[in-house]
1. Has segment 200-210 got at least one residue that is free of Cβ contacts under 8 Å to residues at least 40 places away in the same chain, of a type outside the set (S, T, Y) and in a helix (DSSP H, G or I)?
2. If you take the residues of segment 148-187 that are small (G, A, S) and surrounded by 15 or more Cβ atoms within 10 Å (Cβ to Cβ), which of them is nearest to L31 (Cα to Cα)?
3. Checking R32 against (1) under 14 Å from G218 (Cβ atoms); (2) charged (D, E, K, R); (3) not assigned by the TED database to the domain that holds L230, which single condition isn't satisfied?
4. Are there any strands (runs of 3 or more DSSP E) wholly within segment 217-278 with 3 or more residues that are touching a Gly at 6+ places or on another chain (Cβ under 8 Å) and surrounded by 22 or more Cβ atoms within 10 Å (Cβ to Cβ), and if so which?
5. Can you work out which of the residues in segment 380-420 that are farther than 15 Å from T496 by Cα and of a type in the set (V, I, T) is surrounded by the fewest Cβ atoms within 10 Å (Cβ to Cβ)?
6. Could you list, in sequence order, all residues of segment 228-259 that are among the small types (G, A, S) and under 20 Å from the mean Cα position of the chain (by Cα)?
7. Find all pairs meeting these conditions: Cβ atoms under 8 angstrom apart; at least six residues apart or on different chains; first residue within segment 408-430 and within 20 Å of L31 (Cβ to Cβ); second residue in a loop (DSSP other than H, G, I, E, B) and at pLDDT 85 or above.
8. Looking at segment 284-322 only, could you name the residues that are among the small types (G, A, S), surrounded by fewer than 18 Cβ atoms within 10 Å (Cβ to Cβ) and modelled with pLDDT under 90?
Amino acid sequence: MTSTHSGPGNYLANFYARSRLHHLSTWASDLRDLVRSLRGNLPESEKRLGQDFLAGEVERLGWEATTIRLKPSTPSASRLRPPILMHIDMDCFFVSVCLRSRPDLKGQPVAVTHSRGTRPSIESTAAGSFSEVASCSYEARKFGIKNGMHLGDARKLCPELKTVPYDFEAFHSVSEQLYKIVACFSLNIEAVSCDEMYVDLSDLLSPANYSSEVAEPGRIINPFLLGSELRRRVFEATGCTATCGFGTNRLLTRLATVKAKPNNQAFLIGASTHSAGAGNKLTPVDVVWHRADEGGPAGLPDCLIYEMEGEGRNYLDSLPISSLPGIGRSTAERLLTKHVTTCGDLRQKLSLPQLSNLLGAKTGKRLYQLCQGKDSSDLMLDRFAKSVSAEINYGVRLASWPEVQDFVSSLVFELASRMEHAATDADDRLGVLGRTLVVRLLTRRADQPKEAVKFMGHGICDTWTRTVQLPTPTRDVSFLTSQCMSVLRRINPDPTDIRGVSLRLLKRSMSA
């Protein structure tokens with residue numbers, strides 16, 4: 001990848017075409033838009049594909065072989081129906097997609113990373129390379145290689161590591177195929193990223209859809225039937241494998257996927273949250289589910305079913321605290337002061353009041369529940385970003401204020417384009433305006449060399465953040481450029497020390 005020395009405008013186009021983080025950030029938004037579009041435009045015949053498939057399986061295999069029965073922990077909940085969520089995640093997504101055109105590398109340690117065109121010999125041989133591993137095969141992981149690791153460090157662990165470049169066009173194609181296949185089974189989708197999503201299958205797996213007989217509330221169509229068919233269709237269409245996790249809440253669903261990896265499926269049966277009461281006096285009630293029988297579909301011997309009061313509990317207890325959703329490094333470090341590193345440690349060593357005193361009431365309660373296998377959070381089937389942003393902090397090398405002006409103008413143009421195409425929550429309209437502008441500037445720290453250790457990276461920087469309240473909601477390129485330049489002029493850095501600029505517009509409103 002070139003730097004801004006090749007021209008700020010040209011560099012931006014090249015950067016956004018090749019930046020993995022840019023693609024990942026825009027993919028999430030684009031896929032949410034795709035799901036919304038499919039809900040409105042998918043033909044009725046395709047919307048029924050999942051239900052028609054399960055109806056055929058019930059007829060072919062029989063009622064007992066295609067259903068399982070769950071029972072609640074308390075008799076008062078006997079009329080409740082267990083919610084069933086699915087998390088589907090592609091296996092080693094980037095690597096799997098790239099290996100479709102490199103079958104000779106299958107079974108070998110492989111990593112996807114940038115192929116540096118200006119220094120190919122260094123890229124391919126040096127153990128000191130600071131390119132990052134975006135994705136690595138399971139064979140590479142056996143050597144201790146992890147996603148996000150510097151390529152040089154990875155080569156020290158595995159000198160025979162093979163590298164392949166990004167193929168964003170193929171990534172986009174496979175990602176869209178995945179979402180369209182799942183949408184034919186259920187449109188209750190929460191888009192997460194290019195290779196994973198959550199799906200609420202509670203209605204689809206209800207026996208009422210497949211039999212006129214009145215089934216007990218705890219009986220469901222076995223989710224493994226659906227998962228096997230989904231995974232088969234995904235592999236047939238893309239040549240890539242996927243893993244499915246099923247659970248009675250969001251946390252267990254995600255943990256089931258991790259437990260089943262790679263290319264399998266698992267079901268963690270545990271807690272779910274229901275509303276009790278009437279009118280405005282609804283209160284959340286936790287129900288713990290257990291398996292009530294040993295039945296299940298024939299022909300699926302490798303599927304894994306765990307109860308949270310059995311092997312599932314041992315699995316959860318063994319997990320690092322940092323693997324739970326929303327638990328960052330700071331929280332993990334504070335827990336370490338109490339000698340807590342796993343979910344089991346927390347359950348055994350800290351009470352809810354102690355945890356609340358340490359982390360605050362909200363975070364403490366949330367973490368305490370997660371370590372019990374409880375998660376009351378709903379899937380976000382329709383999520384709209386509260387802000388729109390554009391950022392570049394790689395390859396930024398500017399020589400003068402006129403170059404800064406050109407660079408900022410190009411970045412604002414990108415920001416305005418994203419705002420023009422951003423979805424709103426009103427009748428699927430596109431186009432938003434912003435009232436609050438946040439400008440974030442990275443400048444080389446005074447004690448740092450001109451060039452960072454990582455090729456064209458920003459290195460260790462000082463960070464400057466300024467917020468501007470705009471007189472009216474806007475996405476006007478000329479006006480926003482002038483506001484950004486006013487901010488940068490007031491900070492007054494040496495243009496040659498600028499290493500990154502981030503622009504974000506908040507308080508979105510619809511375009512007229």
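The values are calculated or read from the model by the stated rules, or taken from the named source; none is laboratory data. Keep in mind it's a predicted model, so treat the numbers as computed, not measured. Cβ coordinates were reconstructed from backbone atoms using ideal geometry, including for glycine residues, and neighbour counts include every protein chain displayed.
1. Yes - at least one qualifying residue is present in segment 200-210.
2. Per the stated criteria, the residue is S175.
3. R32 satisfies every listed condition except (1).
4. 242-247, 265-269
5. V388
6. Hits for segment 228-259 are A242, G245, G247, A256.
7. M419/R475; E420/R475
8. Correct list: A292, G295, A298, G299, G310.
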